[in-house]
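Data block below; observations after.
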Amino acid sequence: MLDFKNDEIAFTAFMQAHQNRVFNAVLNMLQHVEDAEEITQDVFVDVYRSAENFRGDAAVTTWLYRIAMNKCIDQLRKKQRRQKWNSVTDFFSGKTFGDNEPHDFVHPGIIAEQKEKAALLYKAIDQLAVNQRMAYILSETENLPYKEIAEVMKVSVSAVESLLVRAKQNLRKILGGYYHGQ
């Protein structure tokens, strides 16, 4: 059980120990720095408010990832609703389709010569179904074991394996000739 209500120093230490990991996972899911910063902050606000609810059934990192991924899913749903609304309003205002295309995403930690390939990969990842994207990011960028991914996503290990196989197949289709044999 975690209890930060009367110990600001303990909470600050906890947050400093985990915020980069949470931020990177959220950034990989949302591919937007400002959204990732906001969601990361929201995760730790929730952790502070509900720390006593942590039962210790799973690792603390699993609990943090679960909170973060749920917030990412909520954010992606909001984004989809906004895009649908923008499509309707654009139609009536005469804007052409594609005026609201998403920006190119490049993770800040990627070195200069890999930016183009990374942008292509992140665009492809963004096209995956949410569960496939989540499994892929937790596996490939966060290097979590399948068992922990299953706990975060509240699915079986075999479901994680299946999601990863489908995600990789879909990425190969999307990327086509960009990544030969990878």
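So the values come out like this:
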{"item": "Pick from segment 1-28, criterion outside any helix (DSSP H, G or I) and in contact with a helix residue (DSSP H, G or I) (Cβ under 8 Å, 6 or more places away or on another chain), ranking: surrounded by the fewest Cβ atoms within 10 Å (Cβ to Cβ)", "result": "Met1"}
{"item": "Tally, over segment 11-60, of residues that are at positive phi and among the polar types (S, T, N, Q)", "result": "1"}
{"item": "In segment 155-182, residue nearest to Leu64 (Cα to Cα) [restricted to those that are in a loop (DSSP other than H, G, I, E, B) and at pLDDT below 95]", "result": "Gln182"}
{"item": "Selected residue (only one of Lys123, Lys79 is touching an Asp or Glu at 6+ places or on another chain (Cβ under 8 Å), surrounded by 11 or more Cβ atoms within 10 Å (Cβ to Cβ) and either of a type outside the set (Phe, Trp, Tyr) or at pLDDT below 65 (or both))", "result": "Lys123"}
{"item": "Identity of the residue in segment 25-59, more than 30 Å from Leu121 (Cα to Cα) and of a type in the set (S, T, N, Q), that ends up modelled with the highest pLDDT", "result": "Ser50"}
{"item": "Any hit, segment 11-21, residues being modelled with pLDDT under 95 and within 16 Å of Met134 (Cβ to Cβ)", "result": "yes"}
{"item": "Any hit, segment 2-22, residues being over 19 Å from Glu140 (Cα atoms), touching a His at 6+ places or on another chain (Cβ under 8 Å) and not assigned by TED's automatic domain parsing to the domain that holds Met153", "result": "no"}
{"item": "All positions within segment 21-55 that are more than 13 Å from the chain's Cα centre (by Cα) and not acidic (Asp, Glu)", "result": "Gln41, Phe44, Val45, Val47, Tyr48, Arg49, Ser50, Ala51, Asn53, Phe54, Arg55"}
{"item": "Pairs, first under 12 Å from Asn170 (Cβ atoms) in segment 116-133, second hydroxyl-bearing (Ser, Thr, Tyr), C-beta under 6 Å, six or more apart", "result": "none"}
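The values are calculated or read from the model by the stated rules, or taken from the named source; none is laboratory data. Every value quoted in this text rests on a predicted model; they were computed, and no experiment measured them. Methodologically, a virtual Cβ is constructed for each residue, glycine included, from the backbone with ideal geometry; neighbour enumeration extends over all protein chains shown.
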